[in-house]
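This report concerns only the one structure given below.
The values are calculated or read from the model by the stated rules, or taken from the named source; none is laboratory data. In this text the structure is predicted, and so the values were computed from the model without any measurement. Cβ atoms come from the backbone with ideal geometry, glycine included; neighbour counts cover every protein chain shown. Remember, those area values only see protein heavy atoms, side chains included, never the ligands or the DNA or RNA. Shrake-Rupley method; radii C 1.70, N 1.55, O 1.52, S 1.80 Å.
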Amino acid sequence: MDPVKVLQKAYQDELLDALRAEGAAEGVPYPHVRALLLEVARRERAHAEALAEALRRRGASLPPAPKPEEGGWETLLRLLSEEGLDRAYYLESTFPDPELEALFTRLGQEERLNQEAVRKAVMLIGGGL
């Protein structure tokens with residue numbers, strides 16, 4: 001497993017999740033639900049920046065940024081699914097590099113916060129508030 005390729009893929013995934021959260025937030029008419037999603041987007045952008053910094057320290061280039069997707073209900077459900085997958089991926093990945101190990105452990109723990117926030121947003125919207 002090439003750490004640079006793993007970091008580049010994770011970087012793109014985090015940016016895409018930030019775009020999904022921002023897109024989903026745009027279509028939500030409820031300020032408290034929008035705030036939940038924007039907090040998820042903020043954490044995802046912070047994750048992407050941490051991954052970008054790890055890439056820079058290795059002299060690697062950043063991959064191209066993903067294109068935004070359409071917002072809406074499907075995006076919100078996709079985001080919920082991706083947060084669970086990301087969390088598992090980060091927590092199950094192991095590296096001989098202690099810095100990467102610590103980074104992925106931290107990101108995995110924070111993905112739980114994102115997953116809970118998105119799940120709450122889905123329940124609030126799906127439940128008609």
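General observations
- Nitroxide proxy distance, nm - points 7 Å out along Cα→Cβ at Lys9 and Glu69: 1.7 nm
- Accessible surface of segment 1-76, 1.4 Å probe, proportion on carbon and sulfur as whole %: 57 percent
- Looking at the chain, the accessible area is 53 square angstrom per residue; that uses a 1.4 Å probe and ignores ligands, DNA and RNA.
- Sorted largest first, the spans of the alpha carbon positions of the chain along the three principal axes are 47, 25, 19 Å.
- Taking the average, over residues, of other Cβ atoms within 10 Å as the packing measure, peptides 81-91, 7-17 rank 7-17, 81-91 from highest down.
- Cα lying deepest toward the dipole's positive end in segment 7-129, options Leu7, Gly108, Ala48, charges on Cβ: Ala48
- Helix-derived mean residue ellipticity, 222 nm - over the chain, DSSP H n ≥ 4, -39500 (n - 2.57), to 500: -27500 deg cm²/dmol
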